[in-house]
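Following: one structure in C-alpha cells, then a few remarks.
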Amino acid sequence: MDGSSTGGKAATMTRILNLDDIQGNITRAYGRFSFPFARYFFLNIADADAGRRFIELVRPRVTTAAYWGDTKPKVTLNIGFTFFGLYALGLPTRTLKTMPEEFIDGMKARAFILGDRDPTKTEEEVGAWCRHWDPIWQQNRESKGEDVHVWISMNAQAAGEGSDIPAPELDAQCDWLRGICGELGNRVRILAANGSAGNEEYQGASAVFTEIGGLRVPTPREHFGFTDGIGDPVFDGQYPPEAEKDAVIGRGKWMQADKGWQPIAAGEFILGYPDESQELPPTAMPPSFSRNGSFMTYRKLHENVGTFDAVIADEAARFARVMGVSEDEAAETLKAKMVGRWSDGVPLSVAPTVADWHRVRSETGMDDPDPIKALLAQRDYLGSRAASDFRYADDMAGYKCPGGAHLRRVNTRDYLDPLNSPTGANPKATSQLNKRRRVLRRGLPYGPTIPEGRRDDTEQGVIMMTIGASIFRQFEFVQQQWLQYGLDFNQGNLTCPLVGNHDMHRRYTIPSDPKSGKPPYFMSGLKTFVECRGGDYFFLPSLTALQMMAIGIVDPT
C-alpha cells in the first residue's frame, strides 16, 4: 500500500496492519463526539475453566480496529487483563514471567514512581495511603476474591440527536454481560465496588454536555473547562494513506523541514512491530500471543473543581492588577498559560496573546453568535491540522507558551533537541527525544456537570487511559519525569501546574517577553487540583491471543 506519511513532504510506504486482529480502542479514541458514553466493568475470575469460557463468549463481540465504513456500531466492547487476571487463567509460567515487570507489579505498587504517594515517608508514616481511592482499587491485589482481573469497556452513541442518554443497545449489552456471568455461576463475577462509596456496578463516564436550543449536545471539554484530547499521536498504518496525510500534521514526529511530519513507528503502540529504535521490543512468549496487542494504564483522576476555581480567582485578581487587564481576561490568560492552550483548544504557540486568540476565533467562526455554529466551528478546528501544527524550539524562553505548561510536559515536541540553542529559533530541531515517550490517550470525563456551586467533593473528574507498547518507557516516564518533576523544563522540582502534586511545591512561573514591557508573573498559591482515585495496568490482547486464551493453548515453546 503506497501513501504519503509526511504531510505532503515526501512519499514512503505505509505499514499495513492486521486491523481485524487489533482491538479497536487502540487505533480509535471512541469518545469525543461519536461515542460520548462509556461504562467500565471490572471482573474477578474464580477459576481458569470459567475464565476461558468467559473469553470465548466475549470474543465474538470484541470491537476490532477494522474500518467501519457505513456500519459503525451503536456500542463497542473491548477487553483487557491485569497480570493476576492472566495468572487466574492459568497461562504458562514462562509466558507470565516474560511480561514487563511494571505490568507484573501493577499500578498500586508503582505509587512512588507515579507521584500517587509521598516518596519521602515510610509505610508506617503514611499509613493507609490509598484510603482516598475507590474501594474497588483499595482492595485490589489485597484479596484473591476481590482482585481486578478483567476490564470490559463499552462505549455508546447517543440515543438520538440532541439526547444526553446513551443508545438502548448499551443497556442491552450490559444485560448480556450480566447474563453470561450468571451462566457461569458467577465464577467470573462483576466487582460492584466502584465509586467513592464502593457500591456501583461499573464506572460510568460521559462527555460533558451543554444545552443549546433545547438540545443536549456533547462538548470536547472536561470539568475544569479545558478542551481535551486534541493532539493524540498518529502512528504508521493507523489511517488509510490519504487520511494519514492530513492527520499526521502536528501529531506525528517532526523530522525537519525537508521531511516534515511523519507517523510514529507502529511498534511504539502495538506489540510485534518495529519501534522508533528499529527494533522489535521484547514480548512475552510466544510472540504470537503478544503480537497485535498492547498495554493500557487505567487511572481514575478526581478533579478538585472548587479548589481550582478558588485558586484561579485569587491569582486572577492579582494578575489583573499587575498586568492592567480585567479579571476575566486575567483568568482566561492564567488558565491558558497553565495548560498551553486557550480553553477552546487554540494553542498558545499559535496565538500567544488574548488579541491573537480572538483573531483565531473570529477567523474560524468559533465566536459565532449562534452557539450551534460556534460549536461546529470548534469541532472543525480541533479536527484540523491548525490545532496541532506547532512546535516549541522557536520559543525556548517560553514567552508564548511557558516552559512548564502542561502541554509542553506531556508532548515536548522539538523542545528537547540536544542541539537546541537556549536563545535561538532552532529551525533544525526535531522530536527525536520525544517520539519514544508518546502515549495514546483514551477515556472520558465522569460525574455530573455542575456549572455553579462547584465543590471538591462532587464525584467528577476524568477516566484517563493511556496505551503504549511500554508502560515504563512511555506512561511512567512522562508521569514521573515530566509531570511530577520539572528539571527538563528548567523548572527544578516544580510539578505540572495542572495535574502535578502541589503539597510541597506551589509555584509556577509565567515568563514575559521583555519587548512587552510587562514583568514575568509568579503563581504562588497552587494546590493539588487532580488526585488519583485508583486504577491498574492492563494487557490488551489481540483477537488471536483471545482465541489462544479461550481454548487454553498458550504454548511458550
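Some observations on this one:
- Residue tally, condition hydroxyl-bearing (Ser, Thr, Tyr) and assigned to a loop (DSSP other than H, G, I, E, B), over region 221-239: 1
- Elements of type helices (runs of 4 or more DSSP H) contained in region 240-350, each with 2 or more residues being surrounded by 21 or more Cβ atoms within 10 Å (Cβ to Cβ), among the aliphatic types (A, V, I, L, M) and touching a Leu at 6+ places or on another chain (Cβ under 8 Å): 305-323, 327-339
- The lone exception for MET107 - which of (1) in contact with a Cys (Cβ under 9 Å, 6 or more places away or on another chain); (2) surrounded by fewer than 19 Cβ atoms within 10 Å (Cβ to Cβ) it fails: (2)
- Checked against (1) free of Cβ contacts under 8 Å to residues at least 24 places away in the same chain; (2) acidic (Asp, Glu); (3) closer than 21 Å to GLN256 by Cα, ASP370 passes all but a single condition, namely (3).
- Which listed residue is more than 30 Å from SER294 (Cβ to Cβ) and in contact (Cβ under 8 Å) with a residue 12 or more places away in the chain, from ARG437, ARG454, ARG408: ARG454
- Odd one out for PRO166, checked against (1) closer than 22 Å to ASN25 by Cα; (2) modelled with pLDDT under 95; (3) in contact with a strand residue (DSSP E or B) (Cβ under 7 Å, 6 or more places away or on another chain): (2)
- Among the numbered conditions (1) at pLDDT below 95; (2) not in a helix (DSSP H, G or I), the only one that ILE372 does not meet is (2).
- Tabulated pairs, region 532-546, first farther than 19 Å from LEU19 by Cβ and touching a residue at least 60 places away in the same chain (Cβ under 8 Å), second among the hydrophobic types (A, V, I, L, M, F, W, C) and assigned to a loop (DSSP other than H, G, I, E, B), C-beta under 6 angstrom, 6+ apart or interchain: ARG533/TRP133; GLY534/TRP133; GLY535/MET107; ASP536/MET107; ASP536/VAL148; TYR537/MET107
To keep it simple, each residue is scored yes or no on (1) without any contact (Cβ under 8 Å) to a residue 40 or more places away in the chain; (2) among the hydrophobic types (A, V, I, L, M, F, W, C).
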{"site": "ARG61", "(1), (2)": "no, no"}
{"site": "THR76", "(1), (2)": "no, no"}
{"site": "THR93", "(1), (2)": "yes, no"}
{"site": "MET99", "(1), (2)": "no, yes"}
{"site": "GLY106", "(1), (2)": "no, no"}
{"site": "THR122", "(1), (2)": "yes, no"}
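- Of the residues making up region 228-284, those that are closer than 15 Å to THR14 by Cβ and aliphatic (A, V, I, L, M) number 8.
- Annotation for region 392-403: at least one member residue is among the small types (Gly, Ala, Ser) and at positive phi.
- Test for VAL339: is it more than 26 Å from GLN484 (Cβ to Cβ), modelled with pLDDT of 95 or more and among the aliphatic types (A, V, I, L, M): no
The values are calculated or read from the model by the stated rules, or taken from the named source; none is laboratory data. This is a predicted model, so every value here is computed, not measured. Neighbour counts run over all protein chains shown; Cβ positions are idealised from the backbone, glycine included.
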